[in-house]
């Protein structure tokens with residue numbers, strides 16, 4: 001089968017057409033945060049996925065994203081797409097663009113559909129849906145890009161400490177150690193900094209004191225839990241944040257535990273919370289779902305329906321390896337879940 005891979009690569013040449021106004025200084029120099037391309041990958045990751053697909057007997061096309069992907073998919077349509085594209089810019093629907101195009105052209109692909117990819121990138125929207133389905137979520141509120149910040153310190157929507165983060169980002173973009181706010185006096189400056197760097201609504205959220213957990217899931221009807229991984233800081237911390245600085249230095253700063261050494265009753269609650277979030281948000285084929293555990297209760301943080309697949313550093317890959325899955329087994333499982341789902345859908349539509 002001819003399989004195309006859609007993806008975004010990190011580049012030294014930023015396309016200003018995808019950036020909002022205001023990221024230029026007075027001299028016209030482009031000034032962007034250092035995590036702008038944090039979601040994007042290196043050619044080594046794309047080739048690692050491609051190598052697995054080739055070993056399974058498929059012909060592989062590198063298709064990219066944006067205009068390049070459109071030109072290639074129209075000139076030489078693949079039979080199937082392994083979708084890994086995150087999308088450029090800051091729009092909350094950017095991850096939905098490639099699946100929307102593929103659906104319009106009738107080309108099946110791995111992963112969730114456009115609606116799920118859009119709603120999960122919007123952290124506040126995802127939390128609302130999970131809460132409406134009965135899940136536990138941290139309290140919080142949104143600060144719009146043009147909101148007056150001087151009155152923030154007087155708000156009592158959430159207690160302290162609190163976390164301040166961009167509302168429409170993944171891969172821990174904008175989540176730094178400085179995002180922990182310990183009192184109302186710190187809040188306006190913290191929100192202003194995140195808003196300046198990421199040009200989008202800012203989510204002010206209750207900090208859940210407890211274990212950092214992530215759950216890897218693959219498959220459909222129902223999905224299979226690959227593993228529940230607990231992230232331990234190597235240095236004791238009263239308010240540990242699995243921040244971008246930590247993830248960039250994960251070998252020194254954290255220790256991963258999978259399966260998480262927690263009571264069976266707690267593991268069952270985490271599994272049920274992950275399945276509830278998966279279903280509430282309409283995930284397909286693969287996702288990684290993040291929680292904080294407090295007093296035995298898993299609090300939903302976000303879903304990653306396009307989880308990183310770097311063979312050495314991505315959380316889902318680390319989790320899977322600790323659970324006994326090889327990298328080829330993980331990639332094959334994602335593809336197989338999508339193929340079985342697609343085949344089932346074709347069978348239903350033919351009846």
Legend entry - Count - residues of region 301-340 that are in a helix (DSSP H, G or I) and either over 17 Å from the mean Cα position of the chain (by Cα) or in contact (Cβ under 8 Å) with a residue 60 or more places away in the chain (or both): 21
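A quick yes/no check of all residues on (1) in contact with a helix residue (DSSP H, G or I) (Cβ under 6 Å, 6 or more places away or on another chain); (2) under 22 Å from residue 86 (Cβ atoms):
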{"position": "133", "(1), (2)": "yes, no"}
{"position": "139", "(1), (2)": "no, no"}
{"position": "163", "(1), (2)": "yes, no"}
{"position": "166", "(1), (2)": "yes, yes"}
{"position": "198", "(1), (2)": "no, yes"}
Inset, instruction - Quick one: which strands (runs of 3 or more DSSP E) lie wholly within region 203-289 and hold at least 3 residues that are modelled with pLDDT of 95 or more and buried (at least 19 other Cβ atoms within 10 Å of the Cβ)? - result: 211-219, 223-233
Inset, instruction - Identify the residue in region 153-172 that is modelled with pLDDT of 85 or more and not in a loop (DSSP other than H, G, I, E, B) and, among all such residues, is farthest from residue 198 (Cα to Cα). - result: 162
Inset, instruction - Being over 16 Å from the mean Cα position of the chain (by Cα) and surrounded by fewer than 18 Cβ atoms within 10 Å (Cβ to Cβ) is the filter here, so list the residues in region 93-107 that pass it. - result: 100, 103, 104, 105, 106, 107
Legend entry - Filtered residue count, region 44-69, keeping only those that are assigned to a helix (DSSP H, G or I) and over 16 Å from residue 311 (Cβ atoms): 4
Inset, instruction - Would you be able to tell me the number of residues in region 142-159 that are closer than 23 Å to residue 210 by Cβ and surrounded by 15 or more Cβ atoms within 10 Å (Cβ to Cβ)? - result: 1
Legend entry - Among the residues listed as 51, 17, the single one being farther than 30 Å from residue 129 by Cβ and at pLDDT below 95: 17
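Residue-by-condition table, conditions (1) under 22 Å from residue 337 (Cβ atoms); (2) part of a loop (DSSP other than H, G, I, E, B):
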| site | (1), (2) |
| --- | --- |
| 82 | yes, no |
| 103 | yes, no |
| 111 | yes, yes |
| 124 | no, no |
| 128 | no, no |
| 146 | no, yes |
| 174 | no, yes |
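The values are calculated or read from the model by the stated rules, or taken from the named source; none is laboratory data. Everything numeric here is computed off the predicted structure, so don't read it as measured data. Every residue, glycine as well, gets a Cβ built from its backbone with ideal geometry; the counts of neighbours run over all protein chains shown.
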